[in-house]
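Contents: one structure, followed by commentary.
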Amino acid sequence: AVFLFIYPKNIFADSNFSTDYNVTYTINSDASTHVVINANLTNLTTKYYASSYSVQLGFQDISSIAAFDAGGTIVPKISTDDKGTTILLNFNNKDTGYNLKQNFTISFDTNEVAQNFNHVWDINIPGVANQSDFSSFNVYVIYPSFLGNPVYIKPAPSSTNIQNGNKLTFNRQDLGSSGISISFGEFQVYNLNLTYHLANKNYFPITTEIALPPTTNYQDVQIDNISQKPTNVKLDNDGNWLAQYTLAPYKKLDVKV
């Protein structure tokens, strides 16, 4: 069987097995993530068994890969392409029988789930295509308590989404095919160094202007220094600050803010 985090496809018929997934993403304080996939295949017939299974992850940067089933450790076969990483498992036990379950676990570390942008953290969980291929698909996100509560979750949590301390729970419908984005932090600080290149190609003086980043309802701007003092500063109809300069004929001027 083949499960693709982004592009799923099953080698055996869906009617022969039911598939259940529980995936836990544990976000560490250094923004790395430990992922544990607990899955089981339930045989719905007496004729077939799953001898192998492959998972295509939507991550290329993964490490510390481990896998096992009820029979013990599995040495996975790993391959990587532009779609991510594929992990192939050959199961230790190959039993037939109605309602028999093939349970297996895959774990790995990745730096592609969480991003630390100083005052803001972003967490992005991959979605699941062809959701009907799975009987259930649950995702648990455990994040460092110092992050506080999320300020943004997309899509908006449904009634089945549970926030318990520093743990979030999502089901198959919550995930969708586009996945889930979670953000923490109430503000972010940026230091900008802007350079404006002004030039007068005429044989007479001109007045030109540069637009300075304004303070709005969503941002506060503090200007520490302007390298060339403007002749005037005005506010336009859109709330932008415009600094005006008079340039002599064929004059060039670089203004650094």
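Some notes on this structure:
- The aspartates and glutamates within cross-link reach of K154, meaning a Cα-to-Cα straight distance under 17 Å and a gap of 8 or more places when in the same chain, are D122, D174, E186.
- Our helix-only sum for the chain, with -39,500 (n - 2.57) per DSSP H run of n ≥ 4 divided by its residues, gives a mean residue ellipticity at 222 nm of 0 deg cm²/dmol.
- The Cβ shell under 10 Å around S52 holds other residues with a net charge of +2, Lys and Arg each +1, Asp and Glu each -1.
- Across the stretch 157-257, Cα pairs under 8 Å and at least six residues apart give a relative contact order of 31 percent.
- Charged-residue dipole, Cβ positions (Lys, Arg, Asp, Glu), the chain about Cα centre, Debye nearest 20: 360
- Computed log10 I(q)/I(0) for the stretch 162-257 at 0.11, 0.19, 0.25 Å⁻¹: -0.55, -0.98, -1.32, from the Debye equation with unit scatterers placed on every C-alpha and solvent omitted.
- In order along the stretch 42-48, the Karplus-derived 3J(HN,Hα) couplings, from 6.51 cos²θ - 1.76 cosθ + 1.60 at θ = phi - 60°, round to 9, 6, 9, 9, 9, 9, 10 Hz, and Gly and Pro are given as x.
- Applying 1/(1 + (r/R0)^6) with r as the Cβ-Cβ distance of T231 and N193 and R0 = 30 angstrom yields a FRET efficiency of 0.85.
- Surface/4 of the Cα convex hull for the chain, nm²: 19.9
- Solvent-accessible ranking of W121, W241, largest area first, probe 1.4 Å: W241, W121
- Normalised contact order of the chain, rounded percent, pairs of Cα under 8 Å and 6 or more residues apart: 17
- Quarter of the Cα convex hull surface for the stretch 25-113, i.e. its orientation-mean projected area (nm²): 6.1
- Contact order, relative form, for the stretch 87-189: 35 percent (alpha carbon pairs under 8 Å, 6 or more residues apart, mean separation divided by residue count).
- Leading residue at positive end of dipole, the chain (Cβ point charges), from V75, P213, N103: P213
- Summary of the geometry: the stretch 45-120 and the stretch 221-257, compared by the centres of their Cα atoms, lie 58 Å apart.
- 3J(HN,Hα) couplings calculated from phi for the stretch 25-40 with the Karplus curve 6.51 cos²θ - 1.76 cosθ + 1.60 (θ = phi - 60°) are, in sequence order, 9, 9, 7, 8, 5, 8, 6, 6, 10, 9, 10, 10, 9, 9, 9, 9 Hz; Gly and Pro show x.
- With a cut-off of 12 Å between beta carbons, the residues surrounding T208 carry a summed charge of +2, where Lys and Arg count +1 and Asp and Glu -1.
- Near I62, no amide H atom lies under 5 Å from its own; only residues 5 or more places off or on other chains count, and H is placed 1.01 Å from N.
- Of the residues Y152, Y250, Y21, Y140, the one with the largest accessible area comes first in the ranking Y250, Y152, Y140, Y21, computed with a 1.4 Å probe on protein heavy atoms.
- Extension gain (nm, one decimal) between D81 and D122, 0.36 nm per residue minus Cα-Cα: 12.3 nm
- Each label was represented as a point 7 Å from its Cα along the Cα-to-Cβ direction; for T215 and K167 these points are 4.5 nm apart.
The values are calculated or read from the model by the stated rules, or taken from the named source; none is laboratory data. Model, not experiment: these values are computed from the prediction. Backbone-built Cβ (ideal geometry, glycine too); neighbour counts: all protein chains shown. Surface accessibility is based on the protein's heavy atoms, side chains included, excluding ligands, DNA and RNA. Shrake-Rupley method; radii C 1.70, N 1.55, O 1.52, S 1.80 Å.
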